[in-house]
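Beneath this line is the structure, given in structure tokens, with notes to follow.
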Number of protein chains: 2
Amino acid sequence: MPSNDNDAFSQFIRKLDQLGTLNESDRAAVRSLPFQSQAVPRHYLIVREGEQATDCCILLSGYACRHKTTQSGGRQIVSFHVPGDILDLQHLLLDRADHSVQSITEVRIAVIPAAHIKRLAETHPAIADALWRDSLIEASIFREWVLNVGRRDAKQRVAHMLCEFASRRENAGQGSPERFEFPMSQEQIADATGLTPVHVNRMLAALDKDGVIVRNNREVEITDWTRMQQIADFNPAYLHAAA
Amino acid sequence: MPSNDNDAFSQFIRKLDQLGTLNESDRAAVRSLPFQSQAVPRHYLIVREGEQATDCCILLSGYACRHKTTQSGGRQIVSFHVPGDILDLQHLLLDRADHSVQSITEVRIAVIPAAHIKRLAETHPAIADALWRDSLIEASIFREWVLNVGRRDAKQRVAHMLCEFASRRENAGQGSPERFEFPMSQEQIADATGLTPVHVNRMLAALDKDGVIVRNNREVEITDWTRMQQIADFNPAYLHAAA
DNA sequence: CGTAGGTTTGACTGATCTCAAGTTTGGTGG
DNA sequence: CCACCAAACTTGAGATCAGTCAAACCTACG
């Protein structure tokens with residue numbers, strides 16, 4: 001496997017380090033995990049809802065999301081993911097995937113048998129702690145999404161999503177939250193916010209007109225981060241990021 | 001403390017037993033946890049958003065919920081809880097509460113210092129597993145709520161909520177899912193589904209007219225469980241309940 | 001260039017909200 | 001046992017935010 005995969009794997013260690021206090025032996029144990037690196041094209045279904053899954057994936061590069069669908073075909077994205085994120089930690093302890101995981105962009109993932117991560121957690125309490133903490137933070141983000149979709153109006157929802165994306169990107173060391181390539185189509189934003197693509201388009205235009213963002217194809221610049229957070233009702237406390 | 005608290009505590013052990021495989025020593029360790037039993041009136045705030053929390057609460061009897069609010073005062077209930085549930089496992093590993101916990105009915109809780117539960121988990125891997133599994137199931141429920149609020153129409157949302165309540169009640173050994181006392185006011189249902197109380201009222205009336213439920217004050221009878229599940233688009237897989 | 005996927009815009013529709021007025025229920029005190 | 005009160009529930013009419021449908025316009029890419 002190419003050396004830059006190991007570099008990328010260090011993204012994961014970086015994240016664990018943010019989540020708890022690892023010592024050198026912990027880090028070494030993570031580094032020695034057997035894994036298979038895999039390149040995945042955009043829009044590819046990595047995990048299918050209902051499947052029995054025995055692997056865990058770590059996102060090395062690119063962006064991914066998880067989604068669920070209603071009987072009538074409505075699609076709801078329930079979270080998006082940045083490099084370093086574990087895409088399906090839940091397969092450590094739950095049998096069947098209750099949702100699908102899909103790449104947004106081209107993506108590089110490390111596939112690790114769940115059993116290995118489980119053993120790692122059993123032998124390294126600090127890692128177990130970090131992983132558990134990660135599950136709890138994820139849950140907190142889901143709660144915020146319930147609030148976002150349930151009680152904010154369309155403009156706020158879209159703005160909130162942009163704020164979260166900008167923040168999490170930054171926390172993952174992917175650069176400034178004020179100017180970045182936004183990888184999702186307006187249809188995907190719609191699926192994440194419980195809106196229609198047409199209305200998302202209008203809300204983006206409204207934010208643009210408000211002077212808080214400037215769009216250039218898929219590049220977004222947040223020109224007034226303070227006002228943007230106000231409009232979005234965004235308070236990053238729920239991300240429980242290291243200070 | 002009255003003896004029925006210990007009985008009620010066994011509700012929690014029952015739940016852990018459903019979540020994993022405990023041996024007698026595990027159970028004994030749980031039973032010997034120091035805890036303070038507390039009676040709480042209805043509508044009481046047990047945990048306040050933003051607070052630093054060092055205790056975990058277990059719900060012994062009655063119903064509770066968690067909620068978040070927007071800047072503009074919109075309130076969103078993000079989950080409800082049945083006896084045996086741990087109300088704030090997250091305080092084991094996260095500093096500040098990102099949401100509030102409130103009793104719905106009169107409630108009896110066991111308050112346990114988080115540190116004790118943490119130590120219990122460290123010394124009893126089976127319990128750590130069960131607790132972690134519980135966190136993951138909670139996260140799955142949040143994902144379903146995002147879908148519910150984001151992509152289902154008003155009637156489906158209300159129906160789905162009733163189905164989940166009925167199922168979780170039953171899983172917690174609180175009796176038949178086909179006829180039960182429903183503890184939430186229509187305003188609380190509204191806050192859980194992202195609707196207004198007025199519209200919840202109309203949707204309940206519609207479900208009644210459809211012949212799938214019969215209401216009698218706060219008592220609900222689901223007269224056609226199969227059709228109710230269809231209307232609600234309810235598939236209990238996401239609850240990851242023991243078969 | 002031609003095509004496909006994505007974005008933008010306009011006109012119309014409709015589900016849900018808002019406001020406001022009753023009605024029922026349950027608890028409390030006389 | 002009844003009268004009263006607050007809280008919760010119900011119903012109606014009108015307003016509005018977001019959805020639908022449909023067409024036109026970009027942009028990247030083969």
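Spin-label model, A:Gln36/B:Arg96: points 7 Å from Cα along the beta carbon direction are separated by 4.4 nm.
Note the full-extension length gain between B:Glu24 and B:Ser185 as 0.36 nm times their separation in residues minus their Cα-Cα distance, in nm to one decimal.
Extra length from B:Glu24 to B:Ser185 when fully extended: 53.9 nm.
Counting partner chain Cβ atoms within 10 Å of every residue's Cβ in A:148-158, what's the average?
Values: counts 6, 9, 19, 11, 6, 3, 0, 0, 4, 1, 0.
Per residue, the number of nearby Cβ atoms from other chains is 5 on average.
If R0 equals 35 Å, the separation of the Cβ atoms of A:Arg14 and B:His116 corresponds to a calculated FRET efficiency of about 0.65. Legend: mean number of C-beta atoms from other chains within 10 angstrom of residue C-beta atoms, peptide A:69-80, equals 5.
Filter the cross-link list A:Lys15/A:Lys68; A:Lys15/A:Lys118; A:Lys118/B:Lys68; A:Lys15/B:Lys118; A:Lys209/B:Lys155 down to pairs whose alpha-carbon distance in this structure exceeds 28 Å. Provide the component values of the computation, followed by the final result.
On the way: A:Lys15/A:Lys68 26 Å; A:Lys15/A:Lys118 18 Å; A:Lys118/B:Lys68 33 Å; A:Lys15/B:Lys118 22 Å; A:Lys209/B:Lys155 36 Å.
The pairs that break the limit, which is 28 Å between Cα atoms, are A:Lys118/B:Lys68; A:Lys209/B:Lys155.
As a rough footprinting exposure proxy, the listed residues A:His199, A:His81 were ranked by other beta carbons within 10 Å of their own, and the order from fewest upward is A:His199, A:His81. Computed from Cα atoms, the angle from the helix A:114-123 axis to the main principal axis of chain A rounds to 70 degrees. Computed from point charges on the beta carbon alone (+1 for Lys and Arg, -1 for Asp and Glu), the dipole magnitude for the range A:53-150 about its Cα centre is near 160 Debye. Inter-copy label distances for A:Ala28: 3.7 nm (label point placed 7 Å from Cα along Cα→Cβ; shortest first).
With the label put 7 angstrom out from Cα along the Cα-to-Cβ vector, B:Gly73 ends up 4.2 nm from the copy partners, going from closest to farthest. For chain B, the longest principal axis of the alpha carbon atoms and the long axis of helix B:125-151 meet at an angle near 20°.
Restricting attention to the range B:1-88, which GluC sites (Glu not before Pro) occupy a DSSP loop and are surrounded by at most 15 other Cβ atoms within 10 Å? Intermediate results must be reported in sequence, preceding the final value.
Values: sites: B:Glu24, B:Glu49, B:Glu51; in loops: B:Glu49, B:Glu51.
Those satisfying the criteria are B:Glu51.
Under the definition of Cα pairs under 8 Å and six or more residues apart, what whole-number percent is the relative contact order of chain A?
Numbers: 412 pairs, mean separation 49.9, N = 243.
Here the relative contact order equals 21 percent.
Inter-copy label distances at B:Gly50, shortest first and taken from points set 7 Å along Cα to Cβ: 4.6 nm.
The modelled label-to-label distance for the pair B:Asp153/B:Asp224, using points 7 Å beyond Cα in the direction of Cβ, is 1.7 nm.
Here, each number is a calculation from the coordinates, and none is a lab measurement. What you see is a predicted model; the values in this text were computed from it and never measured. No Cβ is skipped: glycine too gets one built from the backbone with ideal geometry, and neighbour counts run over all protein chains shown.
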